[in-house]
Structures are given as structure tokens and as C-alpha cells.
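First up is the structure itself, then whatever we jot down about it.
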Amino acid sequence: MSPTQTSRGKKMENIYQEHGYENRKEYLMSLADDFGIDEEVVFAMASMLGKSEDFDGLVTSLEDYADQMF
């Protein structure tokens, strides 16, 4: 089985590419730029929350963090 297939043989979609990013790192760097937050902070939050929260909980957390900065 190739790394791009599930156990049932279906091709896994790359969620980052679906959203126009090459990979997770590029996506996280883009979030840092969009929110005006240091990349280190974004990567730390992403690490704590996990990949499953990249498009939900992470974005909400960054919004909250950015609101507190200003």
C-alpha cells in the first residue's frame, strides 16, 4: 500500500493542497503572516492542538491570540 492510500485503497486527499498550500508548514507560515503573529507562536500552538485542529481550533486560537495583542 502506498503512503497516499488508506487501508481500503482509497486515495487520501492532502487537505493543505486542497486549500492551496504545498504542505502543512507553508499553511502555518501563511497563518502567521495573515494574523501578524510570530511563526514560533503559530507552530507551538499547532503542535499543542494537533493536525486535526489546523483548520478549526488553531484558527480560532490564533484569532483569540491576535485580539489580545491589539
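The values are calculated or read from the model by the stated rules, or taken from the named source; none is laboratory data. Not measured: the values here are computed from a predicted model. As a convention, Cβ positions derive from the backbone with ideal geometry for all residues, glycine included, and neighbour counts pool all protein chains shown. Just so you know, the surface numbers come from the protein's heavy atoms only, side chains and all, with ligands and any DNA or RNA stripped out. Shrake-Rupley method; radii C 1.70, N 1.55, O 1.52, S 1.80 Å.
Counting charges near S30 (Lys, Arg +1; Asp, Glu -1) among other residues having Cβ under 12 Å from its Cβ returns a value of -4.
Using the Cβ-Cβ distance between R24 and E63 with R0 set to 25 Å, the FRET efficiency from 1/(1 + (r/R0)^6) comes to roughly 0.85.
For segment 33-46, backbone phi angles converted through the Karplus equation (6.51, -1.76, 1.60; θ = phi - 60°) give residue-by-residue couplings of 5, 4, 8, x, 10, 4, 4, 4, 5, 4, 5, 5, 4, 4 Hz, Gly and Pro being listed as x. Backbone geometry of segment 60-67 corresponds, through the Karplus equation with coefficients 6.51, -1.76 and 1.60 at θ = phi - 60°, to 3J(HN,Hα) couplings of 4, 5, 5, 4, 4, 4, 5, 4 Hz, x marking Gly and Pro. Based on C-alpha pairs under 8 angstrom that are at least 6 apart in sequence, segment 26-67 has a relative contact order of 36 percent. Of the heavy-atom accessible surface of segment 31-70 (probe 1.4 angstrom), what whole percent is carbon and sulfur? Accessible surface attributable to carbon and sulfur in segment 31-70 totals 47 percent.
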